[in-house]
Amino acid sequence: IYNRKHRNQQQMVKLWHATGDVGRAKELLRVMLTEAREERAKGENEWTATVAEAETLRLLGEQANQEEQYEEGLPSFAAAGILFEELGDLEFLLMSYMGQGRAYFHLKRYEEARAVTDKALALAGPYELNYDKGVMYN
């Protein structure tokens, strides 16, 4: 049940992003993060709750980037990256690195942007991700 609820909440966040209702999306993301952390603390659905927490953190980082609050999103991207690495989820780890690199770039912290983007490119190397690779090289 928790997993289904989390997926439905994610869809609402994406819908609200698409319609420009970022304030409402941000509120729900904060609720989702609290719920995921509470679920993890229970220890019953730890894998599912860890995935939910990591996904929510990444979305909070993306939310900050969308609002051009790049500094605000960096801790969320970093925390999501740690969880995705623990989970072995390379796709979403890559996405976390890309979002973090984008934030660093917009903050004019180019060395940090290059370092995190290099991590993403190392993950993407063996896969057919031509669009994502092109974005990162750019």
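The values are calculated or read from the model by the stated rules, or taken from the named source; none is laboratory data. All values derive from a computational prediction rather than experimental measurement. Here Cβ is always computed from backbone atoms with ideal geometry, including for glycine, and neighbour counts include all displayed protein chains. Accessible surface areas use protein heavy atoms only, side chains included; no ligands, DNA or RNA. Shrake-Rupley method; radii C 1.70, N 1.55, O 1.52, S 1.80 Å.
Residues in segment 65-99 that are touching a Gly at 6+ places or on another chain (Cβ under 7 Å) and either surrounded by 22 or more Cβ atoms within 10 Å (Cβ to Cβ) or over 22 Å from Trp16 (Cβ atoms) (or both): Gly73, Ser76, Phe77, Ala80, Leu93, Ser96, Tyr97, Gly99. Listed by position, the helices (runs of 4 or more DSSP H) enclosed by segment 1-78 that each have at least 3 residues that are in contact (Cβ under 8 Å) with a residue 12 or more places away in the chain, of a type in the set (Gly, Ala, Ser) and out of contact with any Cys (no Cβ under 9 Å at 6 or more places or on another chain) are 46-66. Quickly run through segment 100-115 and pick out the residues that are open to solvent by 60 Å² or more (accessible area, probe 1.4 Å) and assigned to a helix (DSSP H, G or I). Of everything in segment 100-115, those that are open to solvent by 60 Å² or more (accessible area, probe 1.4 Å) and assigned to a helix (DSSP H, G or I) turn out to be Arg102, Phe105, His106, Tyr110, Glu111, Glu112, Arg114.
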